[in-house]
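Values in this text are rule-based calculations from the coordinates and carry no lab data. Keep in mind that this is a model prediction, so the values were computed, not measured. In this analysis, Cβ positions are derived from the backbone assuming ideal geometry, glycine residues included, and neighbour counts consider all displayed protein chains.
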Amino acid sequence: MGIAEAIILAVVEGFTEFLPVSSTGHMIIASSLLGIQHDEFTKLFEVSIQFGAILAVVVLYGKKFFQFRNWQFYAKLIVGVIPALLLGFLFSDQIDKMLESPTVVAISLLIGGVVLMFIDKMFQKPKLESDDQISYGKAFTVGLFQTIAMIPGVSRSAASIIGGMSQRFTRNLAAEFSFFLAVPTMFAASFYTLFVKKWTTSEGVVVKGYKLVTDTQEHTIAFLTGNLVAFLVALLAIRFFINYLKIYGFKVFGVYRILAGITLLILLFTKVIE
């Protein structure tokens, strides 16, 4: 993976991570269209640059994240992330296999798009407007919804937002809590990828993720540049999404997902993407 390819994937990640369109699915599509070899470093890169994206949430919502007296806020995030940690640990190998399937992404995009077309009408009477109104049970339920996004193409953002709206959150609160929940979720995924999971270098040596990153200068530059670009792009994407959501809702994202899913199926059928 060259620096230009790393930047393109990071832009895709930063822009799509917090939109209900599936960042993982879009990176799989982008890497396939760019002809990027899906080697061990590429797999690591596609997960670890999420760290740059989550830093954007911490920066934009710094007052919330650094109010240490409000321990219940952190406790709710911990409760919400438990389902993802458990299932991610138990089914890591199966998830990795699905990540290599553009067909799974295409089908998930289509199904998710249909759901988003009607989601605003399904939950029309929200009651909860601020995170201090969220109970631990509701936080856990949103966390359960979030685990659906372990299927590539589902979208972590969409799954957790729908989970929040099912618990009577307003659209704005559901989106913001989805952002907050992304921080421990993706931090855990990045930490696992870099410091726990074993990877194989081009020489066939089994190493931890951080050693794969520092294995070559090209890897190190791609990793650092990717996280920086993902951070900057995510800052803009989050602001755009919140402002758009307040006015227009989710329908346009549903239409986009359906079109993206159909396009991907055509590309697969015509063997443009293998």
In whole angstrom, note down how far apart the Cα centers of the stretch 257-274 and the stretch 106-144 are.
-> 27 Å
Intensity falloff of the chain expressed as log10 I(q)/I(0), Debye formula with alpha-carbon point scatterers, at q = 0.08, 0.13, 0.15 Å⁻¹ = -0.31, -0.84, -1.12
Could you please rank Val252, Val21, placing first whichever residue has the fewest other Cβ atoms within 10 Å of its Cβ?
-> Val252, Val21
Are there GluC sites (Glu not before Pro) in the stretch 150-253 that DSSP marks as loop and that have at most 16 other Cβ atoms within 10 Å, and which are they?
-> Glu203
Residue-ordered couplings for the stretch 239-250, obtained by feeding phi - 60° into the Karplus form 6.51 cos²θ - 1.76 cosθ + 1.60 and rounding to whole Hz (Gly and Pro as x), are 4, 4, 5, 4, 5, 5, 4, 4, 9, 10, x, 9
Per-residue Cβ contact counts at 10 Å, fewest first, order Phe73, Phe89, Phe145 as Phe89, Phe73, Phe145
Mean ellipticity per residue at 222 nm, deg cm²/dmol - from DSSP H runs of n ≥ 4 across the chain, formula -39500 (n - 2.57) = -24000 deg cm²/dmol
Relative contact order of the chain, pairs being alpha-carbon contacts under 8 Å that are 6 or more residues apart, as % | 37 percent
Principal-axis tilt of helix 71-90 within the chain, Cα atoms, nearest 10 degrees = 40 degrees
Summing Lys, Arg as +1 and Asp, Glu as -1, what charge do residues with Cβ under 15 Å from the Cβ of Val213 carry, Val213 excluded?
-> 0
Measure nothing but the geometry: give the 0 to 90° angle between the long axis through the Cα atoms of 23-34 and the longest principal axis through the Cα atoms of the chain, rounded to 10°.
-> 30 degrees
Footprinting exposure proxy for Met27, Met150, Met117, Met122 (fewest neighbouring C-beta atoms within 10 Å first) | Met122, Met117, Met150, Met27
Just flag the GluC sites (Glu not before Pro) in the stretch 1-102 sitting in loop per DSSP whose Cβ has no more than 12 other Cβ atoms within 10 Å.
-> Glu100
q = 0.23, 0.34 Å⁻¹, the stretch 214-257: log10 I(q)/I(0) [Debye, one scatterer per Cα] = -0.79, -1.03
Cα centroid distance between the stretch 20-75 and the stretch 165-220, in Å?
-> 7 Å
Treating the angle as unsigned and between 0 and 90°, give the value, to the nearest 10°, between the Cα long axis of helix 102-122 and the longest Cα principal axis of the chain.
-> 10 degrees
Scalar couplings 3J(HN,Hα) for the stretch 9-18 by Karplus 6.51 cos²θ - 1.76 cosθ + 1.60 (θ = phi - 60°), nearest whole Hz, x for Gly and Pro, are 5, 5, 5, 4, 4, x, 7, 9, 4, 9
